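What follows is a short report on a single structure.
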């Protein structure tokens, strides 16, 4: 049995008196030891409050929290072995990189020699060897992020927490930093809880994703589970830009979607359903091919792909096409098809 790094048991959180609304509504989940779990959801869903309860920065209004099997529900931040990397990095501007990294150890009374050795190992782990005497103002955004991670790592926490750690970085740096965080987590076997609202970020770094919606867990599972097998309209729409269409599962198990018939990845009982279809799933062919007829109403060229809007019997459909050799024109008639894989079906 996999040991739990973090475990929530029916945890609730409300701000204010007993009659105030719950921000977190009785959630239970496990972050297995040595894995990275992302808590994902839109603004206001309770994900940051959940992370702050792991850190001890918020106290649950009910339920229990365990870290490495120890009940920490009512312990303060200093009494639980966790470190947190904040969205703003929160570096001390008047301190060098080395002083920033050592800060937590110095206030804990760690001896100078040990403090220096641990700081050097932490800076080496994040690729900052030789940056000891630099000031935060002399560093790029990505380097400041690494200092914040090293400062958390040096404390050798049982659990490392990230709160929207990449939101202040540009797109290219975001991609490289998420790869670094994932690589570091796997190399060092860290237990990580990671909060973001960015689906692609969650898919890229996670062993497990927990999708929250209005204080409850909408679905938890592996990245492929959530992307390919959503269990609700909310999860299907949130994990990628899926559009939802009304359809019907026939007696033979086929999905009828307008004029299209296809098999679904997951068997569904006969009756009305909603099909979640992502823009990149559609296959666009010339007019007259078998499939669903449509007319292109909008086009946008984005370098490696086209964005199309196609008017069909199912309504307006947004499509991402990798066929950049075709010069799509407004008013052009096309036929649309779907592969069996890539269409998620949820109950109505």
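Readers should treat all values here as calculations from the given coordinates under stated rules, not as data from a laboratory. This one's a predicted model, so the numbers in the text were calculated from it and none came from an experiment. Quick reminder, even Gly has a Cβ in these numbers, built from the backbone with ideal geometry, and neighbours come from all protein chains shown.
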* To do: Would you mind ranking 94, 214 by Cβ crowding within 10 Å, fewest neighbours first?
  => 94, 214
* **Percentage relative contact order, the chain, counting C-alpha pairs under 8 Å, at least six apart** => 16 percent
* Structure fact -> Mean separation of Cα contacts under 8 Å (at least 6 apart) over the residue count of the stretch 76-151, i.e. the relative contact order in percent, is 46 percent
* By how many degrees, 0 to 90 and rounded to 10, does the Cα axis of helix 112-125 deviate from the longest principal axis of the chain? -> 20 degrees
* Asked: Using Cα atoms only, what is the angle between the long axis of helix 141-153 and the major principal axis of the chain, expressed in degrees (0 to 90) to the nearest 10?
  -> 60 degrees
* Where a ≥ b ≥ c are the square roots of the eigenvalues of the C-alpha gyration tensor, would you call the stretch 277-341 rounded, which needs a/c under 1.5, or, failing that, prolate if a/b is larger than b/c, or oblate? -> rounded
* Cα principal axis extents for the chain, largest first, Å -> 77, 48, 39
* Sites residue 266 and residue 88, calculated FRET efficiency, Cβ-Cβ separation with R0 41 Å, nearest 0.05 -> 0.50
* To do: Would you look at the GNM of the chain, springs on alpha carbons closer than 10 Å, and say which of 29, 86, 306 moves the most?
  => 306
* Asked: How do 328, 282 rank when sorted from fewest to most other Cβ atoms within 10 Å of their own Cβ?
  -> 328, 282
* Asked: Counting alpha carbon pairs within less than 8 Å and at least 6 residues apart, what relative contact order, in whole percent, applies to the stretch 1-95?
  -> 31 percent
* Can you give the angle from 0 to 90° between the axis of helix 171-188 and the longest principal axis of the chain, with both taken from C-alpha atoms, to the nearest 10? -> 60 degrees
* Asked: What FRET efficiency do you get for residue 71 and residue 283 if R0 is 51 Å and r is their Cβ-Cβ distance, rounded to the nearest 0.05?
  -> 0.45
* Within the chain, percent of DSSP bridges classed antiparallel, to nearest 5 -> 80 percent
* Structure fact -> So the FRET efficiency between residue 302 and residue 228, C-beta based with R0 = 25 Å and rounded to 0.05, is 0.50
* Asked: With labels modelled as points extended 7 Å from the Cα through the Cβ direction, what inter-label distance (nm, one decimal) is found for residue 175 paired with residue 9?
  -> 4.5 nm
* Global form of the stretch 1-141, assessed from the alpha-carbon gyration tensor, a/c cut-off 1.5 -> prolate
* **Cα gyration tensor shape of the stretch 141-190, rounded if a/c is under 1.5, else prolate or oblate by comparing a/b with b/c** => prolate
* Asked: What 222 nm value per residue comes from the helices of the chain, counting each DSSP H run with n ≥ 4 as -39,500 (n - 2.57) and dividing by all residues, nearest 500 deg cm²/dmol?
  -> -7000 deg cm²/dmol
